[in-house]
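Written out below as structure tokens is the structure these notes cover.
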Amino acid sequence: MNPVLPVGKLSPELLTKIIHSAPTAGPRVLLGPGIGLDCAVLDFGEICLVLKTEPITFASEEIGWYAVQIAANDIATTGARPAWAMFTVLLPERKTSEESVTALSMQVT
């Protein structure tokens, strides 16, 4: 029987195994996935695109604001200027109101 993983981040060993089994290389990939790497960097000739994803779990208030700030900060550390954002929001069933969704959307704009 396989042991159940604890809640939270994957172990560095398991994450490394997953990264090495995925197709992550290519001529445009300047910086791909790795332990401790916060962004990916893709080369498009005259410009580079810096990509970032961030699971935000610690904040209960202003979680949208935190999501934007943390992702923008990680992008800025590469020397890039954050310009766009894409969000995945997982909301608790039977605990989410229209008001809370509206407030969250206002935090990320």
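If you go through the range 41-53 one residue at a time, do you hit one that is touching a Pro at 6+ places or on another chain (Cβ under 9 Å), surrounded by fewer than 14 Cβ atoms within 10 Å (Cβ to Cβ) and at pLDDT 90 or above? Can you show your working first?
Step one: filter the range 41-53 for residues touching a Pro at 6+ places or on another chain (Cβ under 9 Å), giving 43, 50, 52.
With the extra rule that they be surrounded by fewer than 14 Cβ atoms within 10 Å (Cβ to Cβ), the set shrinks to none.
Checked the range 41-53: no residue is touching a Pro at 6+ places or on another chain (Cβ under 9 Å), surrounded by fewer than 14 Cβ atoms within 10 Å (Cβ to Cβ) and at pLDDT 90 or above.
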Subset of the range 6-21 (residues that are of a type in the set (Gly, Ala, Ser) and at pLDDT 85 or above) | Ser11, Ser21
Those residues that are buried (at least 17 other Cβ atoms within 10 Å of the Cβ) and charged (D, E, K, R), I need them from the range 55-84; list them, please.
-> Asp74
So which residues in the range 83-95 are farther than 13 Å from Val108 by Cα and within 15 Å of the chain's Cα centre (by Cα)?
-> Leu90
Select from the range 85-109 the residues that are surrounded by 13 or more Cβ atoms within 10 Å (Cβ to Cβ), hydrophobic (A, V, I, L, M, F, W, C) and touching a residue at least 40 places away in the same chain (Cβ under 8 Å) and list them in ascending order.
-> Leu104, Val108
Quick check, is Pro23 without any contact (Cβ under 8 Å) to a residue 24 or more places away in the chain, exposed (fewer than 11 other Cβ atoms within 10 Å of the Cβ) and over 27 Å from Leu5 (Cα atoms)?
-> no
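The values are calculated or read from the model by the stated rules, or taken from the named source; none is laboratory data. Note that the structure is a prediction, hence the values are computed from the model and not measured. All Cβ positions, even for glycine, are placed from backbone atoms using ideal geometry, and neighbour counts span all protein chains on display.
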